[in-house]
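Single-structure report; data block below.
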Amino acid sequence: MNHDGHAEMAERFRQVIKEQFGTQIALAKAIGVKDGSYLTPYVTGRSMIGGILRKKLEGVGIDVDYIMTGRKEVLALGEEPAEQESLYEECARKINDIQGKLLELSASVHEVNQMIGRLKKSLK
């Protein structure tokens, strides 16, 4: 009853659930179904993902085409790998800039708090 295609699909589905949600129960909650047992026929390979479940899964960011076919959408928005790499590097730079500014702000806040403390002491 459970042919190879179903078994492979079920294995990919279990892996995606583990990577993205941790547990079947967490995914069930995310897609708004009563409990994790709703997903059992799909993670065991007894049932194929249909239209309703597909919409729910895609709604929480699961790549259903990958689960069904084993093929991942490699490039987001048609970008080349080099573009993705430079975008990643730009994001990393911006995060580092923000972290640096946060450290400066934190030091400034600490400095102001010390000045306020000295002012309070001098007014006593």
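The values are calculated or read from the model by the stated rules, or taken from the named source; none is laboratory data. Not measured: the values here are computed from a predicted model. Every residue, glycine as well, gets a Cβ built from its backbone with ideal geometry; the counts of neighbours run over all protein chains shown. Ligands, DNA and RNA are stripped out before the accessible areas are found, and what is left, the full protein with its side chains, is counted by its heavy atoms. Shrake-Rupley method; radii C 1.70, N 1.55, O 1.52, S 1.80 Å.
Taking (1) open to solvent by 80 Å² or more (accessible area, probe 1.4 Å); (2) closer than 23 Å to Phe13 by Cβ; (3) at pLDDT 90 or above in turn, Arg118 satisfies each apart from (2). Could you please find all residues in the stretch 18-48 being among the hydrophobic types (A, V, I, L, M, F, W, C) and in contact (Cβ under 8 Å) with a residue 40 or more places away in the chain? Correct list: Met48 only. Out of curiosity, is Lys72 open to solvent by 60 Å² or more (accessible area, probe 1.4 Å), touching a helix residue (DSSP H, G or I) at 6+ places or on another chain (Cβ under 7 Å) and in a loop (DSSP other than H, G, I, E, B)? Yes.
Filter the stretch 1-43 for residues that are surrounded by 18 or more Cβ atoms within 10 Å (Cβ to Cβ) and within 14 Å of the chain's Cα centre (by Cα); which is farthest from Lys72 (Cα to Cα)? So, considering only residues that are surrounded by 18 or more Cβ atoms within 10 Å (Cβ to Cβ) and within 14 Å of the chain's Cα centre (by Cα), the one farthest from Lys72 (Cα to Cα) is Leu27. If only residues of the stretch 44-60 that are open to solvent by less than 30 Å² (accessible area, probe 1.4 Å) and over 20 Å from the mean Cα position of the chain (by Cα) are counted, the one that is farthest from His6 (Cα to Cα) is Ile49.
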